[in-house]
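Asks: Can you read through this structure? Questions will come right after.
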Amino acid sequence: MASNNNMLQPQLPKFIGKNYNQWSIQMKVLYESQELWGVVETGFVEPENQTGLTQAQLNELKENRKKDKKALFFIFQAIDEVAGCFLLFLESHFMSAA
């Protein structure tokens, strides 16, 4: 792991189309070590209406947003550019269909 101002930055395994099983195991371990596996496994859905949420619920929502974006950042750093473009296409297609 690389270090940057006392913050550990994980070295991400790069998926280039080969050895998917090995890569997926490494990514799962990474997500678990960063306490992100829950958001990866269950997903994150932005609530439509945030009015009426308590401060604790708003804090949890903020934390879940951060975890979601961090997990997404890791996945885009761990795949090649072609796969990244494909994921963006899928996300835009499924988001517009919802």
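Asks: Whose amide H sits under 5 Å from the amide H of PHE15, counting only residues 5 or more places off or on another chain, with H placed in the peptide plane?
Replies: Excluding prolines and chain starts, which carry no amide H, the hits are ILE79, ASP80.
Asks: Further question: Past 21 Å, Cα to Cα, is the threshold; run LYS14/LYS66; LYS14/LYS70; LYS28/LYS67 against it and keep the listed order.
Replies: Violating the 21 Å limit, Cα to Cα: LYS14/LYS66.
Asks: Based on a Kirkwood Rh over C-alpha pairs, give the Stokes-Einstein translational diffusion coefficient of the stretch 20-59 at 10 °C and viscosity 1.306 mPa s in µm²/s.
Replies: 129 µm²/s
Asks: Given points 7 Å out from each Cα along the Cα-Cβ axis, report the ASN21 to GLU46 separation in nanometres with one decimal.
Replies: Result for the modelled spin labels: 3.9 nm.
Asks: How much net charge surrounds GLN34 when only the other residues with a Cβ under 12 Å from the Cβ of GLN34 are counted, with Lys and Arg +1 and Asp and Glu -1?
Replies: So the surrounding residues net to +2.
A short reminder: the numbers here are calculations on the coordinates, not readings from a lab. Given the structure is predicted, the values throughout are model-derived calculations rather than measurements. As a convention, Cβ positions derive from the backbone with ideal geometry for all residues, glycine included, and neighbour counts pool all protein chains shown.
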